[in-house]
1. I need the Kirkwood Rh of the chain: take the reciprocal of the average 1/r across all distinct C-alpha pairs and report it in angstrom.
2. Over the range 20-69, what percent of the accessible surface lies on carbon and sulfur atoms, probe 1.4 Å?
3. At M94 and N52, where each label point lies 7 Å from the Cα along Cα→Cβ, what is the point-to-point distance in nanometres?
4. Run lengths n ≥ 4 of DSSP H only: what is the helix-derived mean residue ellipticity at 222 nm for the chain, with -39500 (n - 2.57) per run over all residues, to the nearest 500?
5. Kindly report the accessible area of the chain per residue (heavy atoms of protein chains, probe 1.4 Å, no ligands, DNA or RNA), in Å².
6. Tell me the label-point distance for the pair W71, W22, using the 7 Å Cα-to-Cβ offset, in nm and rounded to one decimal.
7. Taking one equal scatterer on every alpha-carbon of the range 35-87, how large is log10 of I(q)/I(0) by Debye at q = 0.12, 0.14, 0.16, 0.29 1/Å?
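The values are calculated or read from the model by the stated rules, or taken from the named source; none is laboratory data. Quick caveat: nothing in here was measured; it's all calculated off a predicted structure. FYI the Cβ positions are ideal-geometry reconstructions off the backbone, even for glycines, and counts take in every protein chain you see. Remember, those area values only see protein heavy atoms, side chains included, never the ligands or the DNA or RNA. Shrake-Rupley method; radii C 1.70, N 1.55, O 1.52, S 1.80 Å.
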Amino acid sequence: MTSDSLSAASPRYSGVAIALHWVLGLAILAMFTVGTYMSDLPFSPLRLKLYNWHKWAGVTILALSSLRLLWRLTHRPPPDVPMPAWQQRASHLMHRALYLLFFAVP
C-alpha cells in the first residue's frame, strides 16, 4: 500500500473499482436468477448440476467480494457529491450494509 493510494482521492473511481462493481453486480444478479429457477425444479441431474454451479459461483463471488473490500480499504473513493447530510449518512449506511451482505449471504 502506497501513501498515494490513501492520501488523495481521485475525482472518479478507478478502472479496477468499476470492473469489480459491475462483475459482482452481474454475478449476483445471475446467481439470484439461477437460484430462483432451480428452486422449482424437480430432483434431476440438471438440478444437481445447477446446485453445484451455484455453490461454485457463490465461492467465486465471495472471493471477488474480498478482493473488492481489500481494494476499497486501500483506495479512497471519489469525494461525495453535494447532498443533504441525512442523505450522505443514509448512503454510507447502505454502502456498509451491502458490504455486510456480500459476506453474510454466502
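1. Its Kirkwood hydrodynamic radius stands at 16.1 Å.
2. 78 percent
3. If labels sit at M94 and N52, their model points lie 4.0 nm apart.
4. Helix-only estimate at 222 nm: -26000 deg cm²/dmol.
5. Here the per-residue accessible area is 76 Å².
6. Going by the 7 Å Cα→Cβ label model, 1.2 nm.
7. So the normalised log intensities work out to -0.55, -0.62, -0.67, -1.04.
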